Each structure stands twice: as C-alpha cells, then as structure tokens.
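Have a look at the structure below, then the notes.
The values are calculated or read from the model by the stated rules, or taken from the named source; none is laboratory data. Bear in mind the structure is a predicted one, so any value in this text is a computation, not a measurement. Counting neighbours? That spans all protein chains shown, and the Cβs are built from the backbone with ideal geometry, glycine included. In case anyone asks, the SASA skips ligands and DNA or RNA and just uses the protein heavy atoms, side chains included. Shrake-Rupley method; radii C 1.70, N 1.55, O 1.52, S 1.80 Å.
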Amino acid sequence: MSDTLTLPRRPRRLPPRLRRNPMAALALGLLLAIALAAIFAPLLTSFDPYETALRQRLQGPGNGHLLGTDSQGRDMLTRLLYGARTTLMIGCAGTAFGALLGGSIGLCAAFYRKLDGVLMRLVDVLLSFPSILFGLSLAAILGPGLDSLILAVGLSVMPGIARISRGAALSVMTQDYIESGRAIGLPDHRLLTRYLLANAYPPILTYTTLAFGDAILLAATLGFLGLGLQPPTAELGGIAAEGRAFLFIAPHVSTAASLLIFAIVLSFNLLGDALRDAGDRRAQ
Amino acid sequence: MSLLHLTHLSKDFRLKGSAFGKPLVLRALDDITLTIHKGETLALVGESGCGKSTLGWIVAGLHKATSGQMQVNGQTAQTGKARARQIQIVFQDPFGSLNPTMTVGALITEPILLHDLAPRAAIPARLDSLLSLVGLRPEIGRRYPHELSGGQRQRVALARALAVEPELIVCDEAVSALDVSVQAQIANLLQEIQAKTGVALLFISHGLSLVRHISHRVAVMYLGRIVEEGPTEQVFASPRHPYTRALIAATLEPLPAASRPRMKLTGEVPSPLAPPSGCTFRTRCPQAQAICATDKPPHDAKPHAVACWRSDDLPAFVPTTLTPPARMLAALQLYRAAAARRATEDTLT
C-alpha cells in the first residue's frame, strides 16, 4: 500500500491549521459574525421585519435605517438579518439531511459490496437532475414550504456527498484493520462507525463544507424564483427578488441581499478549500 | 488431540470475465485436507499466490469456503463471534492492521469488552498483563499505533489476538514485513507465548528459514494444493516432493561456507485460472513423466505425506551442510550473543 493513498493517521485539531491560512480565518470569522447576528437578530435591531410603513418605502441608507427600507417601508437591515436566519437554517438543515443520507449511502455502498450497484445507480439518477430543476419539481409536487425546501436542498447535495463518502470509504476498506475488526468478531455497525467512518470522515467533512455553500445558493435561488417560502417571510432570495422590480429607483434592496448571499457562499467555499488543503498537508 | 480439521476444503473466486461468455473461476484452494493439533505450530509455506493466505483467512472466518468441511474441536466450525473466540489472526502489515484512530489500550481491550471476558474493573489489569505478555511496557497502552515501530505494532496485534484467549492464532506472514532482527524477536515471542498459554499457531510464511526454527510440522503448498506435509525435521531432512526440494534449495543460510543442494526451478507459476492437468507442478518439475500430465497425484496417508507420482524415484536428497570453519563459528557466537543482548535491551526500552 503506497503512502499517498493512506488517509491521515490521526486527525489533528483544526484551528491551528486554519489560523495559518488568513483567508480561511477571515471566512470563518465572517460566517460566525453573520450566524451570530442572524441568531440574535431580535436583540440587535428594534424594528419588526414584518411591520410595513408605506410612507417610508424605498428609502436609501440613512435616516435611522442603516441600510434603508424596502418597498413596504420595512427596515432592510432587519429584513436581512431575519432573512439570513431563514436561509442559513434551510442550508443547515438541508445539508445536514443530505450529509446524513449521502454519508450513510456512501459508507454502506463501500461496506456492503453487493448493495454498491443498486445504491450508486440510485445516486446517479439523482445526480443527473440539475438541482434547480429538482427543487422546482419538488416544490411543485409538495407545494412551497419549509419541508419541501429542506428536502429539495438536501436531496440535491446528497449525491455528491454519497460519491465522496463511497470513495473515501473504499480506500479505507482496503486496509487490513477492517478485516482485523471482523476477525475479533465486531458487529457490522461497530465496523461501520468506529473503523470505517472514523477513518474516512476527513474528505467527507471537507466536501460537506463546500456543499454548504451550494445549499445556501440553491435555497436563495429557489426563494428568488418564488418557490421558497412565500412572502412576507424574510428570506434572502425572496428579498433579492422583491427588490428586482425597483432595481433602478432603489438598487440597495437587491444589492444588499445579493451581497449577503455572496458573502455567505464565498465564506463557505473558502473554508472548504482551506479544509481540503489542511487535509492534503496531513496526507503528505 | 486435533484442534482444527479441514477435509476436502476448496475455495473458488469468481472473477468478472467479459460481458459475454462464462465468468472466470479462480480455484484458490483445491481439496485441502489438513489437521492442526492442540498447542502445536503448523507452518504453511509456498510462493506468493499459492493460496496459503486464503486458507488462513478461511480458518479465521474472514472468507467462506466453497466446499468442504471445517471442524474445530471435533465440531463443525462456528461463525462470527463464536469463531472469533476460538481462532484469531495476525496480519502481515503491522502498519495497516491496527485502526489508526484508536489507542493501543483501546485496540487491545476492544475484544475483551466485546466478548465480555472480564469485569470492567479488571480490564486495566488485564491490559497490563497482555502488554507484558507480548513484551511491551504498560505506558504503550496510551499511545497511538503511528507512534510505534513495526515490531511494536506487531506485538500489539498479537496482544489483541491473545485478548480473547483463542485456541489457535493464524499468523498470516506475521513477521515477513519486519526487519530480520525483529523477525527473530517476534518468532521467539511466539514460541514463548505458546509455551505459556498452549495456543496453537498456523504460521503462514513464504520463507523457510524461520519455519524450520519455530514449527512442529510443515505443509507445503503449490497452486492451491498441499503437495507435502510432515514433521519439520523429516521434511527438511528428506523432502519427498521436488517442489519442496526446490524451496529448500532456494533458502539462503547465513553461513558463508555452507554448501547447499543446487536445484533451480525454471518458468513461472502457471495461472490458477487455467491450472495444468494432472499434477499442477509438472510444468516446472524436472522429474515429470507422462502420468503426471494425466492424473492428479493422490496424497499418501503417512505422517510425512506427499502428493507426487515420482516421490519414490527421486534422487537422494543432499541436505545443506552446516560446517563453517571453527574460527568463523566462534566469531558468529560472539556476534549472536551481542545481538541477543541488544534485542533484550530494545524490548525493555
């Protein structure tokens, strides 16, 4: 067995690695800031995200509204914070669902070789749908709503995670320690968790971080297309879509929402890249 | 008393052939009949790809035989956890056979916990006694496998196998990946442990020098069959199969003045996908005659058994003469004493 194929022997703690990569640290800081701001939104702003004030509609930044107001006169900053809350929640839940399902499928496909063909063809079928189309049809079937949104996001990130998990798990399966676990009589579920997953998880984690960005983008896209949560729910994609009608008289509405989506997705991608680099360095 | 008894055991691997036509069948083991007695060491030798590891894996329950019977203590062999209690295995590559995410202590206590062999309070003491049994200090229990040397790792693998107090340990090339000096240490350790615990060993190896040193009986395999089997002394002193003779002749003795019987095999091992008819060794055998190509040679039922049509007509075997000059012997003795001293020091540190 060549050394290049063996997975990292013992995962190091990540923070010191990330500190050495300033972009990743920046991305992590930005993400944490956005997430904390979204979670503690009610404490940070005194405005109500749903109370309309038509006299103050489409005002530019200033005048007591840090980022201006939208077409219903609602405070943009408040809308964005609550919107980030919804979008991040959909992204988190969707990715968690996708990672759980995809990870299990990938590990099982590698562990039970007889299931490999069936499981991976299933994944291929899902992979062959463009994720937007997939989200559209799911929303059409289940009706727009939080459940169908999370399901659509989860199912569209799942195939990639399943493929990565299978690959990582297959390379671990060639190691003798899997057989050594079998030889002492370990049941399959212990082999799958303490032997297979414990050694195969670094690439899966890296890919899942990258998939997070895609999930957020997909959630926002579906919102933008009107298939996400229905107005007046604050959701970043939906806010960007609302502002589109007033793009020439009040560009700040769409711009602010889009920039926030951009910042979140970019941060996740930078973080994922950094994790991958850290993984590579450990493998050397 | 026989501990393990295999009768007419065969193993086929089905390989994916082309989309059309019948699938390829690789016969890894062909009609193996073999007995291991309680507390003895049986060595299984042969070239790479002759099926010796497959046999070891079947014995350890990691592969299923295609046909034939396997008995442990006179009863049909059990599977799963019950088999794991009776038969354990130590693998060749000590760098790949220990789960890198677990500490040595966790690795060794895992089988004890799994099979519920000791009350929780007694487990640390059991771990220490297992570590000392394989010549490791108790602190090693807190280390991770990647912090250990190859020899230390193989000791850990051995301790993990011993944790369930098995009756048989399959050593699948367990020393082949180690340095020669460490090989000797591990081989000695195996003998010590056998003397202490009475465990039987199935010692799979492709080299003969260690086998001669540690095993009670030897079985020689070629292309999925056992061609010769008998007490170590007899097999080495008067091998009855041309293949065994060639193997012995290929062994290098670490004595410059030793003269060894010259016998070189030509050609390659035939593909097990299309083994030769009759005796599978006939394509490389200097003694082959017409009958070898038509009929499989039967095993004779002697304690020193052979499967060869021509075994009675072979020329007399001239064993390796080990008569180096006296001065060299004296020097060797000094060197060995020094090496032994260093070996014990290494183990202690």
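Observations on the model:
- Of residues in the range A:202-225 being free of Cβ contacts under 8 Å to residues at least 60 places away in the same chain and farther than 14 Å from A:Ile150 by Cα, the one farthest from the other protein chains (Cβ to nearest Cβ): A:Phe224
- Listed conditions (1) in a helix (DSSP H, G or I); (2) in contact with a Phe, Trp or Tyr (Cβ under 7 Å, 6 or more places away or on another chain); (3) farther than 30 Å from B:Leu114 by Cα are all met by A:Ile261, apart from (2).
- Flag if A:Ile249 is part of a loop (DSSP other than H, G, I, E, B), among the β-branched types (Val, Ile, Thr) and either within 14 Å of chain B (Cβ to nearest Cβ) or over 21 Å from A:Ala99 (Cβ atoms) (or both): yes
- Residue check for A:Pro203: under 28 Å from A:Ile90 (Cβ atoms) and over 15 Å from the mean Cα position of the chain (by Cα): yes
- Any chance A:Ala183 is surrounded by 22 or more Cβ atoms within 10 Å (Cβ to Cβ) and within 28 Å of A:Ser71 (Cα to Cα): no
- Condition met for B:Leu131 (more than 9 Å from chain A (Cβ to nearest Cβ) and surrounded by 15 or more Cβ atoms within 10 Å (Cβ to Cβ)): yes
- Top-ranked residue of the range B:66-92 - restricted to ones that are open to solvent by less than 40 Å² (accessible area, probe 1.4 Å) and part of a loop (DSSP other than H, G, I, E, B), ranked as farthest from the other protein chains (Cβ to nearest Cβ): B:Ala77
- Looking only at residues of the range B:152-171 that are away from chain A (no Cβ under 14 Å) and in a helix (DSSP H, G or I), we find that the one that is least open to solvent (accessible area, probe 1.4 Å) is B:Arg155.
- Answer residue from the range B:135-146, given it is outside any loop (DSSP other than H, G, I, E, B) and within 12 Å of chain A (Cβ to nearest Cβ) and is surrounded by the fewest Cβ atoms within 10 Å (Cβ to Cβ) among those: B:His146
- Condition check for A:Thr193: part of a helix (DSSP H, G or I), of a type in the set (S, T, N, Q) and surrounded by 20 or more Cβ atoms within 10 Å (Cβ to Cβ): no
- B:Ala184 vs. criteria assigned to a loop (DSSP other than H, G, I, E, B), open to solvent by 10 Å² or more (accessible area, probe 1.4 Å) and among the small types (Gly, Ala, Ser): no
- Being in contact with a helix residue (DSSP H, G or I) (Cβ under 7 Å, 6 or more places away or on another chain) and surrounded by fewer than 20 Cβ atoms within 10 Å (Cβ to Cβ) is a property that A:Pro251 lacks.
- Condition broken by B:Gly56, with the remaining ones in (1) within 11 Å of chain A (Cβ to nearest Cβ); (2) more than 13 Å from B:Val156 (Cα to Cα); (3) open to solvent by 20 Å² or more (accessible area, probe 1.4 Å); (4) not hydroxyl-bearing (Ser, Thr, Tyr) satisfied: (3)
- Candidates B:Ser149, B:Ser97 - the one that is under 27 Å from the mean Cα position of the chain (by Cα), at pLDDT below 95 and at the interface with chain A (Cβ under 10 Å from one of its Cβ atoms): B:Ser97
- Out of B:Gly39, B:Gly49, B:Gly56, sole residue that is in contact with a helix residue (DSSP H, G or I) (Cβ under 8 Å, 6 or more places away or on another chain) and not in a strand (DSSP E or B): B:Gly39
- Any hit, the range B:110-117, residues being within 24 Å of the chain's Cα centre (by Cα), modelled with pLDDT of 90 or more, open to solvent by less than 20 Å² (accessible area, probe 1.4 Å) and over 25 Å from B:Ala343 (Cα atoms): yes
- Residue-level analysis places A:Leu217 among those that are open to solvent by 50 Å² or more (accessible area, probe 1.4 Å) and either hydroxyl-bearing (Ser, Thr, Tyr) or in a helix (DSSP H, G or I) (or both).
Per-residue answers, yes or no, for (1) under 30 Å from B:Ala161 (Cβ atoms); (2) open to solvent by less than 10 Å² (accessible area, probe 1.4 Å); (3) in contact (Cβ under 8 Å) with a residue 40 or more places away in the chain; (4) touching a Cys at 6+ places or on another chain (Cβ under 9 Å):
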residue	(1), (2), (3), (4)
A:Gly143	no, no, no, no
A:Leu146	no, no, yes, no
A:Val153	no, yes, yes, no
A:Ile161	no, yes, yes, no
A:Ile164	no, no, yes, no
A:Gln175	yes, no, yes, no
A:Leu197	yes, no, yes, no
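- Unmet criterion (only one of (1) touching a residue at least 24 places away in the same chain (Cβ under 8 Å); (2) open to solvent by 50 Å² or more (accessible area, probe 1.4 Å); (3) within 14 Å of chain A (Cβ to nearest Cβ)) for B:Val104: (2)
- Members of the range A:100-141 that are touching an Asp or Glu at 6+ places or on another chain (Cβ under 9 Å) and surrounded by fewer than 19 Cβ atoms within 10 Å (Cβ to Cβ): A:Tyr112
- Residue in the range B:187-219 that is least open to solvent (accessible area, probe 1.4 Å), counting only those that are under 20 Å from B:Ile87 (Cβ atoms), of a type in the set (S, T, N, Q) and assigned to a helix (DSSP H, G or I): B:Gln194
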